[in-house]
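Student: Attaching a single structure in structure tokens format; questions to follow.
We did not get these values from a lab; they are worked out from the coordinates using the rules stated. Being a predicted model, the structure only gives us computed values, none of them experimental. Quick reminder, even Gly has a Cβ in these numbers, built from the backbone with ideal geometry, and neighbours come from all protein chains shown.
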Amino acid sequence: MLPTLSLSDILLLAVLALLFSLIPLFFFFLYRFRNRPSQNRESPRNDEENELSFLKSEIARQEKQIQQLNLAYDDALLYIQDLKTNLIFNQKMSQIGKLFAGIAHELNNPISAIKASTDTVIETITHEIQNIAKAKEILVSIEESEIEQLIETVLKNKNFSAVSSYTERREQKKKLKTILESHNLDPSEEDLEKILDTGLIEPNDGDLSLLYHKNTALKNYILSVRNLNQHLSIIQIATDRAASILLALKKFSKSSRREISEVKFKLCENIETVLTIYQYQMRGKVSLTKTITCDALLLGFPEELYQVWTNLILNALQAMKFNGNIMIYTKVLNENWVEVRIRDNGPGIPIDLQKKIFDADFTTKNLGEGSGLGLQISKSIIEKHRGTISVISDPGKTEFIIQLPVLEFC
């Protein structure tokens, strides 16, 4: 890999080249000065003309050499810019390649949920059609006022949110049992499980009057219809989840080698895209806390900023060994600036290394963990967006602070 040269390095090389090109001229004048004729009265005019002619030709030669150096300097700057652009692009492609296994696993979860719920929906609908006569008997057996309550009970809380953990499920069951016992009901363990399975966690008096109706078949009918609604909600949520993953992946991978012009985009949407992509790596032992107190409209290159959030989040995960807490905050600094903070509770960065972490030749990566150029690239991208990036780190905490100019706050 070619070494990365800074602008100061290029300027220094250009100055040195110019100085070296002037050395022959310096020695020529020195020689002419030391060996000039002491008294040459015969042809002083010819000597002056010859010397003037030589000086003109030498100056022309030096001017041509300076022009060549300027062209070489411009070419070097373009070459360095191409190297930097290609490095960002290649790192992104490398990250996308590594993501595919995780994304495939992440997509497998909603697809499996859709399949399982679809099977249940088909089974439930088939059962209800086969027992439509029984359903008619149930509806005929209840009062008109109870039909309104039936509709309310069946449709209540039909939007399924998330699968409860073991601890949450236990607490829900305990709460449901308390509610039923307060109405002088003695529910069996099976009843509690069936009711909870339909998402009816806190039934009211109207719900209970139907669940424990004199027509005992009414309970099974209510739970069956609620179960159908529940699985339809699961299908909708799983479909939305799969779509959001694919959309985030499309945004993340959609970038050309060189973006031509800046565009307007929302900061929080930009960050959320990366979080969606890397959510599968935060499962289990990683806790993510987001405090988004504002959103800002930025002008820049959204695909490049994906690289910044990706590098900082992956660095945090690797520093914590994928076990710990990540916190992301947004904050209004003033009407023209927004601040983003990304903090982890990893081991921290030693104080003697904190000034070096944005250098191109610095890395703490082990083999297989990446190029180690992520922070240097991130700094370059933030500065391209006219912003700043800094770090605060102590044992047990590392926080990166990014400040960016905004067009307006949303």
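Student: What percent do you get for the relative contact order of region 261-409 when only Cα pairs under 8 Å and 6+ apart count?
Tutor: 27 percent
Student: Going through region 198-240, which trypsin sites (Lys or Arg not before Pro) have at most 10 other Cβ atoms within 10 Å and a DSSP loop state?
Tutor: Passing both the DSSP loop test and the Cβ count: LYS214.
Student: Compare the peptides 198-207, 130-139 by average per-residue count of other Cβ atoms within 10 angstrom and give them in order, highest first.
Tutor: Order by mean packing, descending: 198-207, 130-139.
Student: Which whole-Hz ³J(HN,Hα) couplings does region 194-205 yield from phi under the Karplus relation 6.51 cos²θ - 1.76 cosθ + 1.60, θ = phi - 60°, glycine and proline marked x?
Tutor: Per residue, the Karplus-derived 3J(HN,Hα) values read 5, 5, 5, 4, 8, x, 8, 7, 10, x, 9, 4 Hz.
Student: Still on this model: Which entries of LYS173/LYS285; LYS290/LYS379; LYS290/LYS331; LYS250/LYS290; LYS136/LYS219; LYS264/LYS290 have Cα-Cα distances beyond 18 Å here?
Tutor: LYS173/LYS285; LYS290/LYS379; LYS250/LYS290; LYS264/LYS290
Student: For region 261-409, which semi-axes, largest first and in whole Å, follow from the square roots of 5 times the eigenvalues of its Cα gyration tensor?
Tutor: So the equivalent ellipsoid measures 24, 18, 15 Å along its semi-axes.
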